[in-house]
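Here is the structure we will look at, set down as structure tokens.
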Amino acid sequence: MITLGIASMLLLAAGFLLIMVVNQRKKWQLQRQMSQLKEQQQNQLIESAVRSEEGERHRIAEMLHDEVGALLSSSRIFLVEMNTKNLSENDKQDHGKVKEMIDESIQKVRSISHNLHSTILKEFGLNEAIRHFMKKVTGGTPLNSTVELDEEYQIANAETDLAVYRIIQELVNNLIKHAHPRLINITSSLNENLLQFNIQHNGNGLSQEQFEELRFKPVGLGLKNIQNRIILLKGTIFFSRLTNGEYAIRLSIPVVI
Amino acid sequence: MKTIQQILHWSEVWSPLIPLAFYIVLRPKARWVKPIVTFLLITLVFSIIIDVIWKRKTLGINDWFESNLWWWWDTDPVSGKKIFKNNIFYNLNSFARLVFFLLFFSYFYPFFKKLSRLVPWVFLILMTINFIWFENIKDFSSRQHALEAAILLFCSLLYFYKTNMDDSVVSPSSLPEFRVVTGLTLYTAVNFFIFLFYKYLMGLPEFKKYATDIWNVHNVSFIILNLFIAAAFIKAKKSE
């Protein structure tokens with residue numbers, strides 16, 4: 001009778017535990033579904049934010065190029081056609097300076113416009129856009145750069161290319177602004193469906209811990225943008241210090257070609 | 001076989017030493033650890049007393065008991081032999097187990113807090129009435145032990161239910177205290193009927209051996225409870 005009692009009590013306890021395990025599994029599944037939905041929603045939000053940012057960039061670039069650029073070009077034409085024979089030497093010098101300044105403004109507007117919306121990326125692809133960008137940012141500065149990109153990579157998806165380009169653009173701009181390197185090397189490789197970029201520099205770089213810390217600070221908008229684009233691309237980014245004292249940033253993006 | 005029997009007989013002494021050793025080495029900081037460690041220390045002291053009294057002849061200290069503790073000796077109503085009862089320490093141990101495990105439960109849900117404040121007093125009043133009018137406190141009280149096991153089993157099952165319903169707990173089995181409750185559930189579920197019929201069986205000469213043998217089941221379940229407590233201490237340290 002006691003044995004029967006013990007067995008029934010054990011059965012009761014085991015039954016309770018079994019119900020708990022089953023319920024726990026259901027809970028897990030529900031939580032997993034919820035986190036998937038949350039992630040999906042977050043990705044949609046990031047995507048729409050990135051899309052609207054790109055749209056705005058495109059709009060500003062067009063306005064700068066078509067309106068401000070055109071206005072400056074017409075001003076230049078009027079200035080060139082202006083009769084300067086009757087002007088004094090001082091006024092002639094001022095006229096020349098104004099012409100120089102307008103030329104410079106046209107260049108600046110064009111540069112900003114291209115920066116905001118890369119036509120090279122659209123027409124010649126990611127590799128050429130990165131090369132052009134690096135040439136532009138290092139031109140006329142003590143900063144040296146080398147760019148060795150995997151030519152096997154062709155355009156996979158215009159949106160992916162644009163996001164990768166923006167990440168590299170933001171990373172290089174950040175390096176120049178904060179790390180003050182003298183040399184930046186950019187290499188890329190395409191392994192199966194994984195496009196990897198390695199940005200190595202000899203400035204004062206970041207470790208992964210510092211990056212994780214900075215991207216949650218309200219001031220680090222650039223890093224947040226980088227992270228958002230990486231989430232959108234389902235890629236990874238890793239900051240490290242090399243044994244030779246230099247720093248490296250490894251960017252891995254899955255691509256479908 | 002005899003060695004295994006001896007190990008089992010002394011299990012109430014050595015098995016609490018397992019979680020206590022883990023506690024000394026790991027020092028887990030979780031708040032619920034304190035009542036459990038206090039219970040383990042109290043049960044260790046009571047178990048040493050219980051087993052020393054039980055094994056006094058084997059230990060060669062029966063004469064000392066006869067000459068110094070003569071006032072504690074009773075006469076067995078069945079055999080008429082002089083007996084030295086250790087059952088009061090089982091009764092005290094049972095009360096300590098109830099109090100400290102209720103304190104342990106009080107750290108988790110507000111309902112248990114109310115229960116831990118009320119139940120020990122009600123239990124104490126009931127047992128006082130029981131020992132004044134119905135039972136001798138020096139005898140093993142099946143009523144007290146069975147009631148204590150039923151209360152603790154109810155608390156354990158209630159804990160499982162509440163944890164199961166708690167949406168903030170994603171994985172109840174990963175909680176360190178879950179292991180203590182699992183051990184306690186097994187211990188109380190196994191022992192409820194043993195406690196309930198132990199005194200009755202001990203009073204029947206033809207079932208005395210069966211009652212002694214079934215106490216080994218209690219001892220094994222007590223070892224399992226202590227192993228679960230040790231596992232909970234390890235988990236609590238890892239979770240810090």
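Here, each number is a calculation from the coordinates, and none is a lab measurement. Computed from a prediction, not measured in an experiment: that's the story for all the values here. Don't worry about glycine lacking a Cβ; one is built from the backbone with ideal geometry, like all the others, and counts go over all protein chains shown.
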> Say we join alpha carbon atoms closer than 10 Å with springs in a Gaussian network model of chain B; which of B:F39, B:F192, B:F108 then has the biggest fluctuation?
Replying inline: B:F108
>> I need the P(r) histogram for segment A:1-130: all alpha carbon pairs, bin width 10 Å from 0 out to the longest distance, whole percents.
In response: 10, 18, 15, 12, 10, 8, 7, 7, 5, 4, 2, 1, 0
>> Over the Cα atoms of segment B:43-174, each weighted equally, I'd like the Debye log10 I(q)/I(0) at q = 0.15 Å⁻¹, rounded to two decimals.
In response: -0.83
> In nm, to one decimal, how far is the modelled label at A:R59 from the one at A:F78, with both set 7 Å along Cα→Cβ?
Replying inline: 2.8 nm
>> Straight-line reach only, C-alpha to C-alpha below 14 angstrom: list the aspartates and glutamates that B:K237 could link to, leaving out same-chain residues fewer than 8 apart.
In response: B:E177
> Working from the pairwise distances between different alpha carbons, so that the mean of 1/r is found and then inverted, what is segment A:119-234's Kirkwood radius in Å?
Replying inline: 14.9 Å
>> 7 Å from Cα along Cα→Cβ at both A:E159 and A:E192: what's the point-to-point distance in nm?
In response: 2.5 nm
>> Please report the projected area of segment B:37-113's Cα convex hull averaged over all directions, in nm².
In response: 7.0 nm²
> Going 7 Å from the Cα of B:Y107 in the Cα-to-Cβ direction, what parts of segment B:216-240 have a backbone nitrogen less than 13 Å from that spot?
Replying inline: B:229-230, B:232-240
> What does the charge count near A:Q93 come to, summing +1 for each Lys or Arg and -1 for each Asp or Glu among other residues with Cβ under 15 Å from its Cβ?
Replying inline: 0
> So if R0 is 25 Å, what FRET efficiency would A:E148 and A:N43 give, r being the distance between their Cβ atoms, rounded to the nearest 0.05?
Replying inline: 0.20
> Against the longest principal axis of chain B, how steep is helix B:208-239, in degrees 0 to 90 to the nearest 10, with axes from Cα atoms?
Replying inline: 30 degrees
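Quantify how strongly other chains surround peptide B:160-172 by giving the mean number of their Cβ atoms within 10 Å of each of its Cβ atoms.
3
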> Can you work out the FRET efficiency for the pair B:V220 and B:N130, with r the C-beta to C-beta distance and R0 = 30 Å, to the nearest 0.05?
Replying inline: 0.60
> In terms of Cα to Cα distance under 27 Å, which lysines are near enough to B:K199, apart from those fewer than 8 places away along the same chain?
Replying inline: B:K2, B:K55, B:K57, B:K81, B:K82, B:K85, B:K138, B:K208, B:K209
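Express in % the proportion of alpha carbon pairs of segment B:2-238 at distances exceeding 24 Å.
48 percent
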> Once you have the alpha carbon radius of gyration of segment A:47-117, what is it after dividing by 2.2 N^0.38 Å, with N set to its residue count?
Replying inline: 1.52
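Quantify how strongly other chains surround peptide B:176-189 by giving the mean number of their Cβ atoms within 10 Å of each of its Cβ atoms.
2
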> Do you know the relative contact order of chain B, to the nearest whole percent, from alpha carbon pairs under 8 angstrom that are 6+ apart?
Replying inline: 28 percent
>> Once you keep just the Cα pairs under 8 angstrom separated by 6 or more residues, what percentage relative contact order results for chain A?
In response: 15 percent
>> For a bin width of 20 Å, list the pair-distance distribution of the protein assembly as shown built from all Cα-Cα distances, rounded to whole %.
In response: 17, 29, 19, 18, 12, 4, 1, 0
>> Looking at chain A as a GNM with Cα springs under 10 Å, which of A:R131, A:R25, A:R215 has the largest mean-square fluctuation?
In response: A:R25
> Which net charge results for the neighbourhood of A:E104, defined as the other residues with beta-carbon distances under 13 angstrom from its beta-carbon, given Lys and Arg at +1 and Asp and Glu at -1?
Replying inline: +3
>> Run the reach check for A:K85 against lysines, Cα to Cα strictly under 22 Å, same-chain hits fewer than 8 apart removed. What comes back?
In response: A:K97, A:K99
>> Report the Cα-based extents of chain A along its three principal axes, largest first, to the nearest Å.
In response: 126, 43, 36
>> Please compute, for peptide A:10-20, the average count of beta-carbon atoms on other protein chains lying within 10 Å of each residue's beta-carbon.
In response: 5
> Could you give the Stokes-Einstein D for segment B:115-204 in µm² per second, using the C-alpha Kirkwood radius, 10 °C, 1.306 mPa s?
Replying inline: 107 µm²/s
> If Lys and Arg each add +1 and Asp and Glu each add -1, what is the summed charge of the other residues whose beta carbon sits under 14 Å from the beta carbon of B:K81?
Replying inline: +1
